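Beneath this line is the structure, given in structure tokens, with notes to follow.
Only the coordinates and a few stated rules stand behind these numbers; no lab work does. Keep in mind that what you see is a predicted model, and the values were worked out from it rather than measured. Backbone-built Cβ (ideal geometry, glycine too); neighbour counts: all protein chains shown.
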Amino acid sequence: MIFPVELSVLGNKTIKVSFPDIPNAITCGKNEKHAMEMALDCLLTVFAAGMHDGDDLPQPGRIKRGQKGIEIPSMVSVKMAIYQAMKDQGITQNELGIKLNCDARQIRRLLDLDHNSRFDQIETALHVLGLKLAMAVEKAA
């Protein structure tokens, strides 16, 4: 999952980052590398806040020619998919816990974007929600 970003130089030479798909999310950095690191942190904060508030999560738009993008870590992307499927299907954390034979605390960790969940738990949760994980391995840029 890659979210397009728009970069612009501010008067004090810092780099401002905004997101076409998330209008209220803005961050900046002292240079482009730092700005892109801050952009990922900003997106993760937006996603975590949306999940906490029970909001639908934003989906990335198409990256235009010459436009940069922020790649969301795979673990975060799959956790977002689990959360959105639960929301779309009206399944609470307690209900998912019952289906997975675990308690709500484990489900909270499963949805915690900062927690490194086990792959088998992710796959089982996806299966219960009627989803499956499809992956591809590519050469790094």
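Observations
- Sites GLU37 and ALA104 - FRET efficiency at Förster radius 30 Å, r taken between beta-carbons, to 0.05: 0.35
- Angstrom value of the Kirkwood radius, inverse mean 1/r, which spans all Cα pairs in region 96-141: 11.9 Å
- The long axis of helix 74-89 is offset from the longest Cα principal axis of the chain by roughly 60 degrees.
- Value of Rg/Rh across the chain [Cα atoms, Kirkwood radius]: 1.02
- Semi-axes of the equivalent ellipsoid of region 74-128 are 15, 13, 10 Å, computed as sqrt(5λ) over the eigenvalues of the C-alpha gyration tensor in descending order.
- Counting only alpha carbon atoms, the long axis of helix 119-128 and the longest principal axis of the chain meet at about 70°.
- Seen from every direction in turn and averaged, the convex hull around the alpha carbons of region 2-71 projects onto 4.7 nm².
- LYS68 long-range amide H proximity, modeled H, under 5 Å: VAL5
- Among SER77, CYS102, HIS115 - extreme Cα towards positive end, dipole of the chain, charges at beta-carbon: SER77
- Computed FRET value (nearest 0.05) for GLU138 with ASP114, which takes r as the C-beta separation and R₀ as 35 Å: 0.85
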